[in-house]
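Colleague: Quick one: the structure is below, and I'll ask about it shortly.
The values are calculated or read from the model by the stated rules, or taken from the named source; none is laboratory data. Keep in mind that this is a model prediction, so the values were computed, not measured. Virtual Cβ from ideal backbone geometry, glycine too; neighbours counted across all protein chains shown.
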Amino acid sequence: MGFSRDREQPARSWCGSREASSVLLVLVVAASASAAPLRVVEGQVVHVHDGDSLTVLVDDQPRNVRLYQTDAPELDQPYGRQARAALESRVLGKSVRVTVMQVRDDGLLFSIVQVEGPTENDRQVAAGWAWRYSEPTKTRLRSANEDRARAARQGLWAGRNPIPPWEWRQLHLDQPDPRALAKNEQLVDEVLDPELVLAIHPRRSRLIRTRQRVSRISITDPGVVEVVTLSPTELELIGGRVGQTTLTLWFGKTAQPGTAHVLRYLVRVTPSVPAASDRRRPRAP
């Protein structure tokens, strides 16, 4: 699905009331003991994509929403269409409260969705149409609702050995849908992989001096490498924990598509080896 990057709307006024605060607290506790909502909005569901994704019209703007910590079968796998039909029957055309828990870079809102009563996140799992799973962190979650649905063989649990959707997606990456291939051909000009490798040790740094001004920088995992911009033509890379990450540099005017040059590095942080003089020699017996 294509998701816009438009600015998020602030929480609506209903969350200031005592009753709404109680509802919000219940929702947050049910979703995660440690998570806190980012904002709360209200809107009307105008489309249900599958068993865990929908579009909500908020202030006349369509917002793409994914049920937080909920993963339903893909449409092309067994029970995928039934899972969508179950969610659609409860929410399509209705007003919903959307408690936003996480926002992906492309604007997708991982949210707790409620019409009235139990959340739609809980309803899908309790009816046997979804697993408890955190897509951003790739974490399988325990759920009493899921355990009861599994024991009662409700929904997808009526089938033999249902495949979790995150495993299904991985299995089918090598056999993409022809429609996805056509969409990629139409919308994507090129996919750029890292071109060069940079090595660095933890708590060490490397200085990059460029011939042209760097207009934008992206680092995949700042915990592996910290990037310090000293000037438009000087960058310092500081090694963090052992691992690898991708550093992308843009040169030129990024505001004009196709005019900027892009250079991508695979940066590897490897353990430093002590110098020979620093190593202790074994004592003679």
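Colleague: Just checking, which of Ala144, Ala130 is small (Gly, Ala, Ser) and free of Cβ contacts under 8 Å to residues at least 40 places away in the same chain? Steps first, please.
Modeller: Values: Ala130 fails: free of Cβ contacts under 8 Å to residues at least 40 places away in the same chain.
That would be Ala144, the only listed residue that is small (Gly, Ala, Ser) and free of Cβ contacts under 8 Å to residues at least 40 places away in the same chain.
Colleague: Can you name every one of the strands (runs of 3 or more DSSP E) wholly within region 171-220 that holds 2 or more residues which are touching a Phe, Trp or Tyr at 6+ places or on another chain (Cβ under 6 Å) and surrounded by 11 or more Cβ atoms within 10 Å (Cβ to Cβ)?
Modeller: Values: elements: 196-200, 205-209, 214-219.
Qualifying strands (runs of 3 or more DSSP E): 214-219.
Colleague: Something else: Residues of region 236-252 being at pLDDT below 95 and over 28 Å from the mean Cα position of the chain (by Cα), which ones?
Modeller: Gly252
Colleague: Any residue at all in region 261-283 that's under 24 Å from Asp105 (Cα atoms), exposed (fewer than 10 other Cβ atoms within 10 Å of the Cβ) and modelled with pLDDT under 90?
Modeller: Scanning region 261-283 turns up no residue that is under 24 Å from Asp105 (Cα atoms), exposed (fewer than 10 other Cβ atoms within 10 Å of the Cβ) and modelled with pLDDT under 90.
Colleague: Using the structure shown, decide if Arg90 is out of contact with any Ser or Thr (no Cβ under 6 Å at 6 or more places or on another chain) and within 17 Å of Ala149 (Cβ to Cβ).
Modeller: The answer is yes for Arg90.
Colleague: Something else about it: Tell me yes or no: at least one residue of region 234-247 is among the polar types (S, T, N, Q), touching a strand residue (DSSP E or B) at 6+ places or on another chain (Cβ under 6 Å), surrounded by fewer than 15 Cβ atoms within 10 Å (Cβ to Cβ) and closer than 30 Å to Ser272 by Cα.
Modeller: Within region 234-247, none of the residues are among the polar types (S, T, N, Q), touching a strand residue (DSSP E or B) at 6+ places or on another chain (Cβ under 6 Å), surrounded by fewer than 15 Cβ atoms within 10 Å (Cβ to Cβ) and closer than 30 Å to Ser272 by Cα.
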